[in-house]
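Engineer: Mind having a look at this structure? Questions to follow.
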Amino acid sequence: VYTAPQDLAFAAMLRAVPFSVHLGMHVDETAAACRWHLPLAHALERWGDVRAFDGTVSLRQPARTAPARCRSPSEVLALLLGEAVSGEDIVRRYWQQQWQGEGEFASRWQEVLHDGVIAGTARPPRTMTLRDDWATDGGLDAAAGNSVDGGPAGFTVLFTPDPGVWDGRYANNGWLQELPKPLTKLVWGNAALMAPQSAEALGVNTDDVVEIELGGRSIQAPVWIAPGHAPDTLTLPLGYGRTRAGRLGSGIGFDAYALRTAEAPWIAAGARVTVTGERHPLVSTQDHHSMGGRDLVRVVTAEALHAGGRSAEAPADLPSIYPDWPYPG
């Protein structure tokens, strides 16, 4: 529900289904729209098998025991098929069928569990060739001709997973919320990143709130001016604005998914930006060295202190335990 493209109206359709079941580790936005919620076993609590990028299969063993009521997706699918079997039995039966006629199953099963991978399951590599028109197909130049203020063609919006909370699945992790993001050093929230040229044309500064309208949908977001950012472009980090992330992750930041559609899931042109006049203070560790306009070292004489003075000009030559450093030339 949280990450689905907005033009699908997935939440409304899901609530209209007579019988719906959510299998997940958390009672999140999708669980709230379903009739039933089943607790999902953690990945470290499940049996299964996985393929590497080259096709090599590895058997997955649980590193810990799952709580009694938690199930894996394969176990739930087996229940829907009328079988109450464990995840281990499901995996064993599948590979027993695959290895028929290849020797004793029990010894090979133990060998594979020991080695971690099934030998000989890598797939042959495939050579791919790019189409000649790859650079012009797919609307890669759709945003050409924008002005600095996003005028006639509007702004181009880039949707990107957040470096900390990713697509929102880690929004309730306080450590990742506290982790400063690259370049901006923002924590506990997201912002609409824009170039200094665009901010100057709009007349906004960092912390100013703007309204972003795209395809008939709109959100409000605070601005963060990012030097080096491409002009006429807004970067909207995903993963925030959640309503059922948990005690730490709910209600933080804005939901960029509200503008995301199935036709333009990563880049969309023609966004309009309006200044609201409001401000939302963003939290960044980038300015940790700021003294708030005060001098790094303040000097006050005893006479001025007794007279009610707060500070004084520092003497020209302060005593120091360090010798003067020469600067020839």
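Engineer: Kindly list, by first and then second residue, each pair from a residue in region 37-55 that is farther than 24 Å from R69 by Cα and of a type in the set (S, T, N, Q) to a residue that is modelled with pLDDT of 95 or more and open to solvent by less than 50 Å² (accessible area, probe 1.4 Å), limited to pairs with Cβ atoms under 6 Å and residues at least 6 apart or on different chains.
Structural biologist: none
Engineer: Do we have any residue at all in region 25-43 that's in contact with an Asp or Glu (Cβ under 9 Å, 6 or more places away or on another chain) and under 25 Å from G239 (Cβ atoms)?
Structural biologist: From region 25-43, those in contact with an Asp or Glu (Cβ under 9 Å, 6 or more places away or on another chain) are 41; that's our starting set.
Now narrow it down to the ones that are under 25 Å from G239 (Cβ atoms): 41.
Scanning region 25-43 turns up at least one residue that is in contact with an Asp or Glu (Cβ under 9 Å, 6 or more places away or on another chain) and under 25 Å from G239 (Cβ atoms).
Engineer: Within region 134-180, which residues are open to solvent by 50 Å² or more (accessible area, probe 1.4 Å), at positive phi and modelled with pLDDT of 95 or more?
Structural biologist: Answer for region 134-180, where residues must be open to solvent by 50 Å² or more (accessible area, probe 1.4 Å), at positive phi and modelled with pLDDT of 95 or more: just W166.
Engineer: Pick out, from region 1-110, the helices (runs of 4 or more DSSP H) lying fully within it that include 3 or more residues that are open to solvent by 50 Å² or more (accessible area, probe 1.4 Å). Give the derivation first.
Structural biologist: Values: elements: 10-15, 29-32, 73-80, 87-98.
Of the helices (runs of 4 or more DSSP H) lying wholly inside region 1-110, those with at least 3 residues that are open to solvent by 50 Å² or more (accessible area, probe 1.4 Å) span 10-15, 73-80, 87-98.
Engineer: Any idea how many residues of region 181-210 are among the small types (G, A, S), at positive phi and under 15 Å from the mean Cα position of the chain (by Cα)? Give the steps one after another, and end with the answer.
Structural biologist: Of the residues in region 181-210, the ones among the small types (G, A, S) are 189, 191-192, 195, 198-199, 201, 203.
Within this subset, residues satisfying the condition of being at positive phi are 189, 203.
Right, trim to under 15 Å from the mean Cα position of the chain (by Cα) and you get 189.
Summing the residues that are among the small types (G, A, S), at positive phi and under 15 Å from the mean Cα position of the chain (by Cα) in region 181-210 gives 1.
Engineer: Inside region 111-120, can you point out the residues that are free of Cβ contacts under 8 Å to residues at least 40 places away in the same chain and in a loop (DSSP other than H, G, I, E, B)? Break it down into steps so the answer makes sense when it comes.
Structural biologist: Here is the first cut: in region 111-120, the ones free of Cβ contacts under 8 Å to residues at least 40 places away in the same chain are 111, 114-115, 119-120.
Matches in region 111-120: A119, G120.
Engineer: If you don't mind, there's one more thing I want to ask. I need every pair where a residue in region 121-132 that is closer than 30 Å to W99 by Cα has its Cβ under 7 Å from the Cβ of a residue that is of a type in the set (V, I, T) and surrounded by 10 or more Cβ atoms within 10 Å (Cβ to Cβ), sequence separation at least 6 or different chains.
Structural biologist: Listed pairs, sorted by first residue: T121/T56; T121/V57; A122/T56.
Engineer: Just checking, which of R272, R260, R279, R242 is within 20 Å of L186 (Cα to Cα), in contact with a Phe, Trp or Tyr (Cβ under 9 Å, 6 or more places away or on another chain) and charged (D, E, K, R)? Steps first, please.
Structural biologist: Details: R272 fails: within 20 Å of L186 (Cα to Cα); R260 fails: within 20 Å of L186 (Cα to Cα); R279 fails: in contact with a Phe, Trp or Tyr (Cβ under 9 Å, 6 or more places away or on another chain).
Unique residue meeting the criteria: R242.
Engineer: A further question on this structure: Of the residues R69, R51, only one is touching a Pro at 6+ places or on another chain (Cβ under 7 Å) and farther than 21 Å from Y257 by Cβ; which? If you could, list the steps in order and put the result at the bottom.
Structural biologist: Numbers: R51 fails: touching a Pro at 6+ places or on another chain (Cβ under 7 Å).
Answer to the check: R69.
Engineer: So, one more: Collect the residues in region 222-260 that are part of a strand (DSSP E or B) and open to solvent by less than 30 Å² (accessible area, probe 1.4 Å), keeping them in residue-number order. I'd like the intermediate steps shown before the answer.
Structural biologist: Applying the first criterion (part of a strand (DSSP E or B)) to region 222-260 yields 222-225, 233-237.
Hits for region 222-260 are P222, V223, T233, L234, T235, L236, P237.
The values are calculated or read from the model by the stated rules, or taken from the named source; none is laboratory data. For clarity, every value in this text was computed on a predicted model and none was experimentally measured. FYI the Cβ positions are ideal-geometry reconstructions off the backbone, even for glycines, and counts take in every protein chain you see. Just so you know, the surface numbers come from the protein's heavy atoms only, side chains and all, with ligands and any DNA or RNA stripped out. Shrake-Rupley method; radii C 1.70, N 1.55, O 1.52, S 1.80 Å.
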